[in-house]
């Protein structure tokens, strides 16, 4: 049967739609949200195999929140204060990169990378990342390397870096000391824990660092006292062969 427009189709299917919704509610009551997702995936797969295009389907998309708003816990921090601090750090990071360019030596940095990652990194520093203690192994953070100016700007606000170091971003041998462009413990042993580079290399490093930690724990060479490895990628790194090759591997404790 052919229908002239979508309105006619909806009217004809009204009773059927009610029955489907009632059935879906029964499934949810008996099997929960997991049951609803499973039946919808089954129907979607069947439609695709039958050649029905589902261009408007939003059953599986990164732009839909993974949990409902009602299930979200209250934010544990002071949003207003954290936003103010984040804006200061973002501004200082941008100023650091622009001043490096203004030196006229041909080196500078990336402005937009940290600007796009500032909120997630600040949330991590304020509420997720945990330092090493007597009872906890400590987390390791691999930020996207081009976002290093933001990490430096935060450390500067904390009083861990000097004015000279910040002014000499990407000039490690500058007068009064400087900062390396990409994170590396040989250049800054008291600051960075792992070397980090772009093009997806940090992802591989995080995966194998986590696997190696598990290896040491399972053989009694490292205490089983926790510790996560956080890796943040960007700038299209998810398309790099290093990432695509390792995405199927279990990352141990990496996040």
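The values are calculated or read from the model by the stated rules, or taken from the named source; none is laboratory data. The structure displayed is predicted, hence computed values, not measured ones. Here the Cβ is made from the backbone with ideal geometry for all residues, glycine too, and neighbour counts use every protein chain on show.
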Here the qualifying pairs (Cβ atoms under 8 Å; residues six or more apart or on different chains; first in segment 218-233 and touching a residue at least 24 places away in the same chain (Cβ under 8 Å); second loosely packed, with under 12 Cβ neighbours inside 10 Å and assigned to a loop (DSSP other than H, G, I, E, B)) come out as 225/135
All conditions in (1) on the phi < 0 side of the Ramachandran plot; (2) surrounded by fewer than 15 Cβ atoms within 10 Å (Cβ to Cβ) are true of residue 152 except (2)
Would you check if there is a residue in segment 186-203 being modelled with pLDDT of 90 or more and touching a helix residue (DSSP H, G or I) at 6+ places or on another chain (Cβ under 8 Å)?
yes
Yes/no for residue 90 being in a loop (DSSP other than H, G, I, E, B) and modelled with pLDDT of 90 or more
no
